[in-house]
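What follows draws every value from the coordinates through simple rules; no lab data is involved. Just so it is clear, the model here is predicted, and its values are computed rather than measured. Methodologically, a virtual Cβ is constructed for each residue, glycine included, from the backbone with ideal geometry; neighbour enumeration extends over all protein chains shown.
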Amino acid sequence: MKLGIGKAVITPAIGTPLAGFGHRTHGCEGVLDDLEIRALWFQDGESAACIVTADLIGFGSHMTSYFRNLVQNKYGLPKDRLLLTVSHTHSGPQVVECLSLTGVMVPEVRDMVCKRIETAIEEAHANLHQITMRAGKGLCEGYAINRRRKVNGKIEAMAPDPDGVRDDQVTVITCRSAEDDSIVAALFHFTCHASTMGDYNVTADYPGVARRQVEKLLGNGATAAFLPGCFGDVRPNCVLIGGRYFRGGVPMDITLFGEALGNEVVRVINEESKPLVPQLSANLVTVDLPISKHPTREELETLVNTGTEFEKAWAEGILSEPFSLTRAFDIQRLDLAKEATLVALSGEVCVEYGHFIKSLRPDAFMLPLGYSNSLVGYIPTAAMYAEGGYEPEESCPYFNLPAPFAPELEQVIRTGILQVMKD
């Protein structure tokens, strides 16, 4: 197996609107730390695959199509061999077209990001070196928490639930030089929203701190790349005294979180890693997620004329798209080794799906990825519809959805995951 690596900085200019929260009223005022790209090109004989991970809120469907066409036309890489994923920082530029209500997209900034990703892929493709691979698992506990606290079976608010489902496992895939066994790259996977910071500063949040910590501790030019878990209902454990409410994060939060995660990544590399048998293979399945209903054109036009500013913007967005009761949802499998599989899903997928994916091969290194290859909306479980809350209901307008998905989406997705694993 050979590996090539490309890097780039994608920090936007001061004044650029930031994506991720609806409360911001103007563009960024400063830069806490740089946003970065990591492109990793794997080549095994005639077989190849490319992973791009970026400090962005997500990849929109237009960007995903653009890069799939680019790598196919320029390098002959099939679309199921390109995996686009993100840290999901809530403090970077908007590049997802369906998220306009939480940060306005600036075309010049989007184009800058695309160009630098393209350059990073080109750099990775042009600099291949023989590698061996290892993988290991660890834990980073106390920094992530479920945010769906229930009272009498109903979600009372987006609030800390220390007994709720989460996934504190850290999984690390390490690539070493075949010549001298030095560490070339470390891909590390963790399951927590990168939403600690919500002010007007650009930041990669805790994944950026963790990435820099890993690269510093490993030294010798090693590259670290963050892979996001399914953390739709899991966020940083920033709470007020008493633990009943979340508070806004501060820079020290992302420093402590990121350094703890980075330290665990390096410990896993040094103490827990096992050899892998490199083997590239991939598959891509697209399923249609059912939407529960669709407002009529008359209802939407009424909101445009008489609704609040938020309702007006949402209604205009729905009217601008063809009326549809489904959304396309990609499920991608990318095997880097016989024992290591990435399963990437194109939404804000709740953690329960990640546990389902890991259960399919409990003896292997299964990495369930949300926030990959487009971002269609929150992906709740069927049970969450009876409980209510942000993920199944309140989030929908922010993704330009006409209504919540139908509870049947869970079975559709689980069936699609099983299909992508078999083929």
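Data for the structure
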quantity: At 0.890 mPa s and 25 °C, Stokes diffusion of the chain via Kirkwood alpha-carbon radius, µm² per second; calculated: 114
quantity: Cα gyration tensor shape for segment 1-160, rounded if a/c is under 1.5, else prolate or oblate; calculated: oblate
quantity: Long-range HN-HN contacts of SER91 with modeled amide H, under 5 Å; calculated: THR203
quantity: Highest-first arrangement of 311-319, 341-349, 178-186, where packing means the average Cβ count within 10 Å; calculated: 341-349, 311-319, 178-186
quantity: Spin-label proximity, TYR245 to segment 1-43 - amide N less than 19 Å from point 7 Å beyond Cα toward beta carbon; calculated: 22-24
quantity: Other-chain or far-sequence residues with amide H under 5 Å of ALA406's (modelled H); calculated: ILE291, SER292
quantity: Reciprocal mean inverse distance between Cα atoms of segment 170-259 - Kirkwood radius, Å; calculated: 14.4
quantity: Fluctuation leader among PRO228, PRO322, PRO107 - the chain, Gaussian network, Cα springs under 10 angstrom; calculated: PRO322
quantity: Candidates GLN213, GLN72, GLN94: whichever shows maximal mean-square fluctuation once the chain is modelled as a Gaussian network with Cα springs under 10 Å; calculated: GLN72
quantity: Sequence ranges 113-121, 24-32, ranked by mean other-Cβ count within 10 angstrom, highest first; calculated: 113-121, 24-32
quantity: Theoretical FRET efficiency, 1/(1+(r/R0)^6), r = Cβ-Cβ of THR119 and ASN201, R0 22 Å, to 0.05; calculated: 0.30
quantity: Magnitude of the charge dipole, segment 159-216, Cβ model with Lys/Arg +1 and Asp/Glu -1, debye to 20; calculated: 160
quantity: Pairs of alpha carbons in segment 70-164 whose separation is greater than 18 Å (percent); calculated: 71
quantity: Quotient of C-alpha Rg and 2.2 N^0.38 Å, computed over segment 334-423; calculated: 1.14
quantity: Compactness relative to 2.2 N^0.38 Å, alpha carbon Rg of segment 1-75; calculated: 1.41
quantity: Phi to ³J(HN,Hα) by Karplus 6.51 cos²θ - 1.76 cosθ + 1.60 over segment 120-137, Hz, x for Gly, Pro; calculated: 5, 5, 4, 4, 5, 5, 8, 10, 8, 9, 5, 9, 10, 9, 9, 8, x, 10
quantity: Most positive-pole-ward Cα, VAL113, ALA186, PRO290, against dipole of the chain from beta carbon charges; calculated: ALA186
quantity: C-alpha center-to-center spacing [segment 361-389, segment 99-113] in angstrom; calculated: 25
quantity: Acute angle (nearest 10 degrees) that the helix 297-306 long axis makes with the longest principal axis of the chain, alpha-carbon atoms; calculated: 80
quantity: Distance from segment 226-275 to segment 127-188 (C-alpha centre basis), Å; calculated: 9
quantity: Highest-MSF residue in the chain out of GLY198, GLY221, GLY388 [GNM, Cα springs under 10 Å]; calculated: GLY221
quantity: Full-extension gain in nm, LEU101 to SER359, via 0.36 nm per residue minus C-alpha separation; calculated: 89.3 nm
quantity: Residue-span extension gain [LEU325 to GLN130] - 0.36 nm each, minus C-alpha spacing; calculated: 65.4 nm
quantity: Label point distance in nm, THR255-TYR75, each placed 7 Å from Cα along Cα→Cβ; calculated: 3.7
quantity: Segment 56-99 pair-distance distribution - Cα-Cα, 5 Å bins, rounded %; calculated: 5, 23, 26, 19, 15, 9, 2
quantity: Prolate/oblate/rounded label for segment 207-336 (Cα gyration tensor, a/c 1.5); calculated: oblate
quantity: Placed amide H near LEU82: partners under 5 Å, 5+ positions off or other chain; calculated: CYS50
quantity: For segment 55-64, Karplus couplings with θ = phi - 60° (6.51, -1.76, 1.60), whole Hz, Gly/Pro x; calculated: 7, 9, 5, x, 9, x, 5, 5, 5, 4
quantity: Between helix 251-271 and the chain: long-axis angle, C-alpha atoms, 0 to 90°, nearest 10; calculated: 40
quantity: For segment 80-93, Karplus couplings with θ = phi - 60° (6.51, -1.76, 1.60), whole Hz, Gly/Pro x; calculated: 6, 9, 10, 10, 9, 9, 9, 7, 6, 4, 8, 9, x, x
quantity: Spin-label proximity, LEU139 to segment 191-224 - amide N less than 16 Å from point 7 Å beyond Cα toward beta carbon; calculated: 191
